1. Hey, which lysines would be in cross-link range of Lys81, C-alpha to C-alpha under 30 Å, not counting anything within fewer than 8 residues on its own chain?
2. In Å, what Kirkwood hydrodynamic radius results for the stretch 80-207 from the alpha-carbon pair distances?
3. Measuring from label point to label point, each 7 Å out along Cα→Cβ, what is the Asn30 to Glu284 span in nm?
4. Cross-link candidates for Lys220: which aspartates and glutamates have Cα within less than 20 Å, leaving aside residues fewer than 8 places away along the same chain?
5. If you count, for each residue, the other Cβ atoms within 10 Å and average over each peptide, how do 74-84, 25-35 line up from highest to lowest?
6. Please find the FRET efficiency linking Ser206 to Glu254, where r is the Cβ-Cβ separation and R0 is fixed at 35 Å, and quote it to the nearest 0.05.
7. Within a 10 angstrom radius of the beta carbon, how do His157, His41 rank from fewest other beta carbons to most?
8. Below 11 angstrom from the Cβ of Leu45, what's the summed charge of the other residues (Lys, Arg +1; Asp, Glu -1)?
Amino acid sequence: MQDLGKSMRDLLNRQNLNSDYQRLIANAINDPDVQAFIKAHQDELAEDVLERNGSKLYEYVSQRDKLRAGHQVFAPGYEPKLVVSDHYVEVTYEPTEDTLLAQKRSMLKKRVHAVSMPKMIEQASFGDYNVDGEEEQRAKALRQAMQFVADYSQKPHEFHQGLYFYGNFGVGKTFLLGAIANELATLGYQSTLVHFPSFAVEMKNSIGKNNVAEKVDAIKQAPILMIDDIGADSMSSWVRDEVLGVVLEYRMQEELPTFFSSNFSMQQLSDQHLSINQRGEKEEVKAARLMQRIRFLSHEVVIQGPNRRPQ
Ligand code: ADP
Ligand code: MG
């Protein structure tokens, strides 16, 4: 193509500008984006491109403007782009930035398998984990969480001890577990978070339906497992031995990273929670076996601070 301005003038002169259609085409040709595109590609384009591709240019401009105005377009989530194909103009549709972002989010969400967890964990991130001035312990917990992610992503096939976060209600234990899972997801790793008291109830309700083993298997084999709120409800001997015991035994044998959160320290969990069955009888040997697995799988980290739950 030689003189763009001249061929455009010739074309417009030849056309009947009274017709609505021709006017729309002329507007499209005069559109600054279209002009810039034609100018940038004039060496590749055929001489009669404006005559032959008027309707393509119109399609591009009209779809772009509809998208900008928030109106219905024929490929929602996609935006029109002009490309050169065999010396002529074609319109292709590419995902918009919002669409790409949404696709990325849904991919990340699929890597975080949450069982009965609060929705807020979807938004949890290291960046939003606020560590206020004086709270050295919180900073330490955050550092250990980040260290785990760094170590795991370097050697995902080796055993890494998870973390056992304990502290009062509302200090952000669940939030931090969520942040670790989300961070791992951005690096391509899958984790499973289970609100343990709810899972225990679900398991009890599944007795007799023949799918307890299946549900326990799914949890025990998770590449990274986070058991949230262990000790929040009293646990029956059956849940302790047939659910938690089975899951932890498997994970210890297979050396799979496992995290916990609890209102109790490991010692308190052992003494006050696991050792006494629902009938009030002491079952110290069984409790000790379970604690041995928890200690093998995780490292105890205290989190303190104010209750951050919206009141
Ligand atoms: P816990 O599990 O220790 O009881 P949560 O993780 O449920 O506490 O946190 C309680 C509330 O505070 C949640 O609504 C959570 O979104 C918010 N939250 C917790 N930690 C933080 C933090 N570091 N920064 C911002 N919000 C937080
Ligand atoms: Mg919690």
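Taken together, the values in this text are just the output of simple stated rules run on the coordinates, not laboratory data. Only a predicted model underlies this, so the values are computations on that prediction, with no experimental measurement involved. Cβ: placed from backbone, ideal geometry, glycine included. Neighbour counts: every protein chain shown.
1. Lys6, Lys39, Lys56, Lys66, Lys104, Lys109
2. Working: mean 1/r = 0.0569 Å⁻¹.
The answer is 17.6 Å.
3. 9.4
4. Glu158, Glu202, Asp228, Asp229, Asp241, Glu242, Glu249, Glu254, Glu255
5. Descending packing order for the listed peptides: 25-35, 74-84.
6. 0.90
7. If I rank by nearby Cβ atoms, fewest first, I get His157, His41.
8. Details: positive: Lys39, Arg52; negative: Asp43, Glu44, Glu47, Asp48, Asp86.
Summing Lys/Arg as +1 and Asp/Glu as -1 gives -3.
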